[in-house]
Amino acid sequence: MAEQKPSAIYLKDYTVPNFLIDKTELTFDLDETQTIVTSRLHLRRNPESKVQTSALVLDGGEDVKLIGVAIDDYALPEQEYTIKDDKLIITATPNEFVLTCETMIEPQNNTKLEGLYRSSSMFCTQCEAEGFRHITYYLDRPDVMSIFTTTIIGDETRYPVMLSNGNEIERGKTEEGKTFVTWHDPFKKPAYLFALVAGDLEVLNDSFTTMSGRDVKLQIFTEKHNIDKVDFAMDSLKRSMKWDEEVYGREYDLDIFMIVAVDDFNMGAMENKGLNIFNSSCLLASPETTTDDAYLRVEAVVAHEYFHNWSGNRVTCRDWFQLSLKEGFTVFRDQSFSADTHSDVVKRVEDVSFLKTAQFAEDAGPMSHPIRPASFIEISNFYTLTIYEKGSEVVRMIHTLLGEEGFRKGSDLYFERHDGQAVTCDDFVKAMEDANGVDLSQFKRWYSQAGTPRLTVTDSYDEQAQTYSLTIQQMTPPTPNQPTKLALHIPVKVGLVGQSNEALSFTFDGQTQDEVVLHVNDVEQTFVFENVMSKPVPSLLRGFSAPVKLDYDYSTEQLLQLMSGDPDGFNRWSASQQLAVNELNKLIAQYQNGAQFSEETPLVEGFKALLADESLDPAMVALILGLPSQAYMSELADKIDPQAIKAAREHLRGIAAKALEVEFKHVYESNASNEAYQASAEQIAKRSLKNAALSYWVASGSDEAKAAVVRQYRNADNMTDQFAALSCVVHFNLAEADELLNAFFEQWKHEALVVNKWLMLSAAREHENGLAQVKALMEHPSFDIKNPNKLRSVIGGLGQNVDAFHNLDGSGYAFLADQIILLNKRNPQIASRLCTPLTRWQRMVPALAEKMKGELERIAREDLSKDVYEVVSKSLA
Ligand code: ZN
């Protein structure tokens, strides 16, 4: 039999469902070896469907075993239905009927972590995007919305806690003496929002009073040993609920909101209605075991999933091409929440830096796609940085164009108009347009056009006329299936800075102002600013007002000036990054030409001024001190030369460290604190600067610094300081590296999330045989290939290990390919994500590109899951 290649599905082929399911009644009889699922689906023909058919086609999976099927309690004989390509086809049905289906599944053998599976001692589900079909036969598409009632039957001693969506309405004993619990969710929802959890769990209870005065019960469930680590998540939840009321006018709707932490999870977390399920790495937090970054992530993810209750659940997606409708919007919402909670500039810098590093790279590669893709082979591959992060940037641009109030009017209209519906990105933009009386038709090209636009800016100043003109050209490079691009509507926020760092005001559009949003909507445009008193330095794309690459030929002096004096905090960071990028590019060229590295850099002057200015937010100083990452420099490179980038970064850091040794020591010492740990903006900021200064100080080679870092490791009372010190010790390969890595493992071997940090750091550690070390870690008793977090730690660590991963002999790539092949069928989603570094092969220097390509070709010869097939075949196309 010839193997069939998986095929793509297209947005343009969308049709409404032929049937609707008004009510869904499910019974789960949970058992250690097999679980019996009985569904009663109240079906009827969809009056809106143009297809006249009485045949019902339900989605299923290879892992679902059909026991029996009945229509209105008439058991269908085998000739009245067929199972083909995992679909259950019932040849003839009435207009309206109840379909009963009995199926058997084996959650304990479910390694894909889609559908119902076991994680440690518990049962849990993951249904987005198409997991529900691995539980029972269903119309598993987001535009089929139904009222769910779920009964769970299980052994009370093993599963004292049995949860599903909505409210618990009944509980009792079955004839065999098992316990049953029935849950009812009064809100219509697609199957992807269904959830079930059963296990021996501990709970933290709390409550929240909504703006209309309703009391909502809040519960967070974990395995017993983790219940002491959910206070911060609970607090984040309550703050999110309040924020959504205040900023968006959105109130929670059910009487109960539950969150459950599970150890085995493919993604971060899931917004199931009333019953969020979280990867424990995104929920658990305690000062001793959790770093500041992880605290912030917990807060952001709790908020994100909570916000989905409106942007995603009450108003959901018509089809999966519209994924960014809920994800882009919800990321924008969680980013705004974090910005309001901490420092908005710091948050913006972090988000932008992530976008420019990872999303830009994705958009420049073979998987590049618009935020609303036109086609896909496997939807799981489209939970991407483009859908999420660029999607959020597109919503942010609408916010910039409409202003705070206009945006709120638009979101109010959107929620009111579409409550209870499954809609499209067009509906979202339409609500924004209608509420504000604006035309966003050109703007909508952002939804269908892929690639990162490039803006090229030139300027001139006329001293006589006191006018300043900016000429802006836009160009979006070709991407797969999109050779030519149309001009986009791009909001570019601009200010002008005078010679002594004062904000220069100007007249634009007949008004005097000192900042303006330019509407770039043509291939080339010139904007004239009048009454500009002196020759300005342009501060362009303030706050990163659009997700574009910007070219303006700044001199080093101009960058130094903006870095210390731009009234816009975000652009001070931007200028420092640009300066550091320029310096690194010089060093990279020197390395590649076999020339001597320069020993001087203007960055020292910039850093010196920065370190001396005590009025600055320490978190901002830390961000500015952070050199452009290996990954970001790779994204910018024509041909990626990992060794050259690494050498250049180390060298540049060394120069700054030696030149400013005294300053770094001072900043390190003056930011130390002996207050009790708090995940507050203020403390986090100080710790980030302290630890940034520490790593420079150690990089200077000072013995005093080496002693200080070891002391910090030993004395730390929180994971942020302990791990920052350990990372330094390992990175600079201090004499204590082995000893402290071992001590760290011994201290924390009972804390899975800390062990994951140890795995990552150990895998990233550069030494003669880095790959052998990674292989050993995968044999270590604490490793478990079934657990995605552990796998991500080790493989992620390897990815950072330049010498081991990018070894010229190709052994690093071959090892990664081996893991992909191993996981291909076991867990296709994870396998597919592991492919990412290899998809960049065309960007690498030729020697490495060849090796990567060879590995992709080797993977392609396997019998591939749809997930891996799509990524590998597109990468080789
Ligand atoms: Zn989401």
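In percent, how large is the relative contact order of the chain, given Cα pairs closer than 8 Å and 6 or more residues apart? Mind showing how you got there, number by number?
Working: 1659 pairs, mean separation 71.4, N = 877.
8 percent.
Can you flag which of Lys5/Lys825; Lys409/Lys493; Lys50/Lys874 are past 26 Å Cα-Cα?
Distance filter (> 26 Å) returns Lys50/Lys874.
Do any chymotrypsin sites (Phe, Trp or Tyr not before Pro) in region 14-54 lie in a DSSP loop with no more than 15 other beta carbon atoms within 10 Å, and if so, which? It would help to have the intermediate numbers written out before the result.
Working: sites: Tyr14, Phe19, Phe28; in loops: Tyr14.
Those that pass, being in a loop and sparsely packed, are Tyr14.
Just flag the GluC sites (Glu not before Pro) in region 650-687 sitting in loop per DSSP whose Cβ has no more than 16 other Cβ atoms within 10 Å.
For GluC sites (Glu not before Pro) across region 650-687 that sit outside H, G, I, E and B with at most 16 neighbouring Cβ atoms in 10 Å, the list reads Glu675.
How much accessible area does His42 have with a 1.4 Å probe, in Å² rounded to the nearest 10?
Roughly 40 Å² of His42 is accessible to a 1.4 Å probe.
With a cut-off of 13 Å, note down the residues of region 767-805 whose backbone N falls inside the zone around a label point 7 Å from the Cα of Phe745 toward its beta carbon.
773-784
Quote to one decimal, in nm, the extra length available between Arg171 and Asp85 on full extension: 0.36 nm per residue of separation minus the C-alpha distance between them.
Numbers: separation 86, 0.36 × 86 = 30.96 nm, distance 3.81 nm.
Working it through step by step, the gained length comes to 27.2 nm.
Tally up the carbon and sulfur contribution to the accessible surface of region 315-447 as a whole percent, 1.4 Å probe, everything protein left in place.
Details: 1760 of 3830 Å².
The computed percentage sits at 46.
For region 602-683, which trypsin sites (Lys or Arg not before Pro) are both in a DSSP coil and crowded by at most 16 other Cβ atoms within 10 Å?
Lys639
Extending each Cα 7 Å along its Cβ direction at Gln842 and Asp231, get the distance between those two points in nm, one decimal.
5.3 nm
Over region 13-308, give the accessible area per residue in Å² for a 1.4 Å probe, as an integer.
Details: 10990 Å² over 296 residues.
About 37 Å² of surface per residue is accessible.
First measure r as the distance between the Cβ atoms of Arg826 and Asn582, then evaluate 1/(1 + (r/R0)^6) with R0 = 35 Å and state the FRET efficiency to the nearest 0.05.
Calculated value: 0.15.
At 7 Å along Cα-to-Cβ for each site, give me the label-to-label distance between Tyr10 and Ser670 in nm.
Taking the two extended label points, one gets 6.5 nm.
Skipping prolines and chain starts, which residues have an amide H placed within reach, meaning under 5 Å, of the one on Ser545, given they are 5 or more residues away or on another chain?
Lys493
To two decimal places, what compactness ratio does region 454-553 give when its Cα radius of gyration is scaled by 2.2 N^0.38 Å?
It is 1.14.
Computing the accessible area with a 1.4 Å probe over protein heavy atoms, can you report the carbon and sulfur percentage for region 554-701?
Roughly 49 percent of what the probe reaches on region 554-701 is carbon or sulfur.
Work through the residues other than Lys217 whose Cβ is under 10 Å from its Cβ and net out their charges, Lys, Arg +1 and Asp, Glu -1.
On the way: positive: none; negative: Asp206, Asp215, Asp255.
Net charge in that neighbourhood comes out at -3.
How many percent of all Cα-Cα pairs in region 315-447 sit more than 27 Å apart? The partial results should precede the final answer.
Details: 1659 of 8778 pairs.
Across region 315-447, Cα pairs with separations above 27 Å total 19 percent.
Need the list of lysines near Lys749 for cross-linking: C-alpha distance under 22 angstrom, and skip anything on the same chain fewer than eight residues off.
Result set, ordered by chain and number: Lys224, Lys229, Lys757, Lys775, Lys786, Lys790.
Find the centroid of the Cα atoms in region 576-626 and in region 170-210, then give the distance between the two in whole Å.
55 Å
Taking the simple approach of a point 7 Å from Cα along Cα-to-Cβ for both Leu616 and Ser441, what is their distance in nm?
A separation of 4.8 nm, rounded to one decimal place.
Whole-Hz ³J(HN,Hα) for each residue in region 547-561, computed from phi via Karplus 6.51 cos²θ - 1.76 cosθ + 1.60 with θ = phi - 60°, x for glycine and proline: what do you get?
With the stated coefficients, region 547-561 comes to x, 10, 9, 10, 10, 9, 7, 5, 7, 4, 4, 5, 5, 4, 5 Hz.
Mind checking the per residue accessible area of region 554-701 for me, 1.4 Å probe, whole number of Å²?
42 Å²
My understanding is that a pair violates if its Cα-Cα distance is over 21 Å; which of Lys347/Lys690; Lys549/Lys639; Lys65/Lys112; Lys326/Lys430; Lys242/Lys390; Lys356/Lys853 do that in this structure?
Exceeds cut-off: Lys242/Lys390; Lys356/Lys853.
Which value, in Å² rounded to 10, gives the accessible area of Lys224 with a 1.4 Å probe and all protein chains present?
Here the accessible area works out near 110 Å².
For region 29-145, compute Rh as the Kirkwood radius over C-alpha pairs and then the Stokes-Einstein diffusion coefficient at 37 °C and 0.692 mPa s; write the answer in µm²/s, rounded to an integer.
This corresponds to a translational diffusion coefficient of 219 µm²/s.
Ordering Met241, Met145, Met533 from largest to smallest accessible area (1.4 angstrom probe), what's the sequence?
Solvent-accessible surface, decreasing: Met533, Met145, Met241.
Given N residues in region 540-588, what is Rg(Cα) / (2.2 N^0.38 Å)?
1.11
Expressed as cubic angstrom per residue, what is the convex hull volume of the alpha carbon set of region 270-393?
For region 270-393, the hull spanned by Cα atoms encloses 117 Å³ per residue.
Assuming 0.36 nm per residue, please report the length gained on full extension of the stretch Ala589 to Ile785 beyond their Cα-Cα distance.
Result for the pair: 66.5 nm of gain on full extension.
Using the C-alpha gyration tensor of the chain, what are the square roots of 5 times its eigenvalues, in whole angstrom, with the largest one first? Can you show the working numbers first?
On the way: eigenvalues 422, 217, 150 Å².
Whole-Å semi-axes of the equivalent ellipsoid: 46, 33, 27.
Taking a point 7 angstrom from the Cα of Glu96 along the C-beta vector, which residues in region 125-150 have backbone N less than 17 Å away?
In region 125-150, the label zone of Glu96 (backbone N under 17 Å from the point 7 Å along Cα→Cβ) covers 146-147.
Could you state the number of Å between the C-alpha centres of region 458-533 and region 671-750?
If you average the Cα positions of each part, the centres end up 45 Å apart.
Asp351: accessible area at probe 1.4 Å, nearest 10 Å²?
Near enough 20 Å² of accessible area.
Take region 646-744, compute every pairwise Cα distance, and split them into 10 Å bins from 0; I just need the percent in each bin.
Over region 646-744, the share of Cα pairs per 10 Å bin runs 16, 49, 31, 4 percent.
Kindly report the accessible area of region 454-553 per residue (heavy atoms of protein chains, probe 1.4 Å, no ligands, DNA or RNA), in Å².
Ligands and nucleic acids excluded, the result is 48 Å² per residue.
In nm, what is the difference between 0.36 nm times the number of residues separating Asp818 and Gln596 and their Cα-Cα distance?
76.0 nm
The values are calculated or read from the model by the stated rules, or taken from the named source; none is laboratory data. Predicted model only: the values in this text are computed from it and were never measured. Reconstructed Cβ throughout: ideal geometry from the backbone, glycine too, with neighbour counts over all protein chains shown. Remember, those area values only see protein heavy atoms, side chains included, never the ligands or the DNA or RNA. Shrake-Rupley method; radii C 1.70, N 1.55, O 1.52, S 1.80 Å.
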